[in-house]
1. Return one number: the angle in degrees, 0 to 90 and rounded to the nearest 10, between the long axis of the Cα atoms of helix A:114-123 and the longest principal axis of the Cα atoms of chain A.
2. State whether region A:208-273 is rounded, prolate or oblate according to the following rule on the C-alpha gyration tensor (a ≥ b ≥ c being the square roots of its eigenvalues): a/c under 1.5 gives rounded; otherwise a/b larger than b/c gives prolate, and the remaining case gives oblate.
3. Debye sum, Cα scatterers, chain A, no solvent: what log₁₀ I/I(0) at q = 0.12, 0.15 1/Å?
4. Is there a simple number for the mean count of other chain Cβ atoms within 10 Å of the Cβ of residues in A:24-37, and what is it?
5. Report the FRET efficiency, 1/(1 + (r/R0)^6), for residue A:264 and residue A:47, where r is their Cβ-Cβ distance and R0 is 56 Å, rounded to 0.05.
6. Taking each residue of A:1-14 in turn, how many C-beta atoms of other protein chains fall within 10 Å of its C-beta, and what is the average?
7. To the nearest Å, what is the center-to-center distance of region B:13-45 and region A:159-192, using C-alpha atoms only?
8. Round to the nearest 10 and give me the degree value, 0 to 90, for the angle of helix A:29-47's Cα axis relative to the longest principal axis of chain A.
């Protein structure tokens, strides 16, 4: 039977029987982003000669983080809540040739892992952070998160959220990431291109993907994807607009941290001998 | 001959593929799988251009189109 081409990167069978279908709710944006990521990784394996063994997926806790080590047929790690970036740093230091992809959610990256988030980008470590941002804590019941938009109604803000949302792209750019872009699940080809560019970039890359949560936003997936198209605007036209800009925000390659670290090791060895 | 296969075990009937299909090849249907989800259905295979958009946007890797 004809099979989805990306199923070759998925472990369909495990020791306890069938692993698929995914544990996600119907129409979840995290599944779409996983599909986009696998398309980008597949293109890199076929076109750039990067080996499948070179990719490592690291994730924390959350709906989106659930996808990597449970289903992917790549080397992967499932770490503590918010601590995916320190683990990724350790993996990279052990073998700087690896292509590390941190697959994370907004709660994992911006809320509990906020401090690790800024310091990973400050060091410009050679990792690609893919952040599935649905603007709420999906796994625990849809509560308000630091990325929830103003006046959004959630179970913990029944009359509307009074706090301004975190702009993760601005945060990553300011902290020192060398590649930053934002897309939504309604922009499949742009997202795949951005992920490919992020993985190819030698340095810290941050790709935020605005996503939908049909269960907690109480709408159908298609309505939410169309809404995402409506609330976003291309960065070129975003000057006098209240909408969320999407596109490539920042691309400025600068020296990467592990290279500097190895040069320091060489310097220390020379001074000893 | 173009073939579009929807895996009834993996599909959760979110109908994102139906919304994205530019030629309206995929349509909602009343076919129900073992979990009670309403599966989409490929009705008009003659106009399919194999753009693969349904494959790219599927959150559950449930749909497959004959490769070009």
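No value in this document is a laboratory result; all are computed from the given coordinates. Computed from a predicted structure; not experimentally measured. Methodologically, a virtual Cβ is constructed for each residue, glycine included, from the backbone with ideal geometry; neighbour enumeration extends over all protein chains shown.
1. 40 degrees
2. Numbers: a/c = 7.09, a/b = 2.57, b/c = 2.76.
It is oblate, given that a/c is not under 1.5 and a/b is not larger than b/c.
3. Here the Debye-derived log intensity ratios amount to -0.72, -1.12.
4. Numbers: counts 4, 3, 10, 7, 4, 2, 1, 9, 7, 1, 3, 7, 2, 0.
The mean count of partner-chain Cβ atoms within 10 Å per residue comes to 4.
5. So the FRET efficiency works out to roughly 0.95.
6. Partner Cβ neighbours, averaged per residue: 4.
7. Comparing the Cα centres of region B:13-45 and region A:159-192, I get a distance of 31 Å.
8. Orientation of helix A:29-47: about 40 degrees from the principal axis.
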